[in-house]
Amino acid sequence: MRHFLIALALTLPWAGCDTQPDEPTAQRVMEEQTYLPPEDTTQVHEQRTIFVQAQVQQPAAQARNANALKAEGQSVDRAIAVMIPVGDTKVHGVITFQKVDKGVEVSGELRNLTPGKHGFHVHEFGDLSDLDKGESAGGHFNPDGHEHGKREADMRHAGDFGNIEANADGVASIKFVDSKIQLTGVMSIIGRGVVVHAGEDKFTQPSGDAGGRVSLGVIGIAKTEKIEK
């Protein structure tokens, strides 16, 4: 019996060791699989989980990188948020943030929304760890401590973008320039979250009563030049 146990131990490469074989890291997983919302809803949760593993630790690093670039005299001119579904909504899209003369141009497209208006805001946390309800994104980004208001108002949350409107096909096209948000400094939205709500922002206090969250994204530094496919 003793000889049998010794022979068995020799056949196991990690027997008696404290370490186990390396598991794939989130980075390796993302290199092998890019997130695309599937038609089959049974696959959504699994693919979102893989996506979040590579995203959840990135926002703070992104914000530090943006401010480091500013300190070195380099500007951050462009940012991007890949929007992913919350729950079983299937709402997805891509939002870009481009530095322009009068502020930051916000543009993009969202799909699979219910027709009509939807609250659209920058939230304080770029945290996608809660994809069942989206509550991990926290409240509206509001470094000035103002009350909730319309995007055109002088006194409002920095993240208050008002509403976007989806057409009969559930597609919302977005394009406007905001003079309050920035891509560096105290008002920087880098590393923050973008949230699309189930309902219309009614501009009531404290946050508009726009209902649940149907899509989330993290705002990250993007290449200045858009890559042509």
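The values are calculated or read from the model by the stated rules, or taken from the named source; none is laboratory data. In this text the structure is predicted, and so the values were computed from the model without any measurement. Please note: Cβ atoms are built from the backbone with ideal geometry, for glycine as well, and neighbour counts cover all protein chains shown. Quick note on the areas: whole protein, heavy atoms, side chains included, nothing else; ligands and nucleic acids left out. Shrake-Rupley method; radii C 1.70, N 1.55, O 1.52, S 1.80 Å.
Being open to solvent by less than 10 Å² (accessible area, probe 1.4 Å), farther than 19 Å from Asp88 by Cα and not hydrophobic (A, V, I, L, M, F, W, C): is that true of Arg151 here? Criteria not met by Arg151.
Of all residues in segment 115-142, those being open to solvent by 10 Å² or more (accessible area, probe 1.4 Å) and at positive phi number 2.
How many of the residues in segment 158-215 are among the acidic types (Asp, Glu), closer than 16 Å to Gly139 by Cβ and in contact (Cβ under 8 Å) with a residue 24 or more places away in the chain? Write out each step before concluding.
The first filter runs over segment 158-215 and keeps only residues among the acidic types (Asp, Glu), leaving 160, 165, 169, 178, 200-201, 209.
Still in the list and also closer than 16 Å to Gly139 by Cβ: 160, 201, 209.
From the residues that got through so far, the ones that are in contact (Cβ under 8 Å) with a residue 24 or more places away in the chain too are 160, 201.
Within segment 158-215, residues that are among the acidic types (Asp, Glu), closer than 16 Å to Gly139 by Cβ and in contact (Cβ under 8 Å) with a residue 24 or more places away in the chain number 2.
Could you check segment 85-125 and list, in sequence order, the residues that are touching a Pro at 6+ places or on another chain (Cβ under 7 Å) and either modelled with pLDDT under 95 or assigned to a strand (DSSP E or B) (or both)?
So in segment 85-125, the residues touching a Pro at 6+ places or on another chain (Cβ under 7 Å) come out as 85, 90-92.
Across segment 85-125, the qualifying residues are Pro85, His92.
When Gly170, Gly145, Gly162 are screened for being part of a strand (DSSP E or B) and at positive phi, only Gly162 passes. Taking segment 173-182 as the range and being in contact with a strand residue (DSSP E or B) (Cβ under 6 Å, 6 or more places away or on another chain) and outside any strand (DSSP E or B) as the test, the residues that pass are Ser179, Ile181. With respect to the conditions (1) modelled with pLDDT of 95 or more; (2) open to solvent by 60 Å² or more (accessible area, probe 1.4 Å); (3) within 13 Å of the chain's Cα centre (by Cα), Ala81 falls short on a single one, namely (2). For Ala137, state whether it is modelled with pLDDT under 95 and over 10 Å from Gly119 (Cα atoms). Taking the combined requirement at face value, the residue does not satisfy it.
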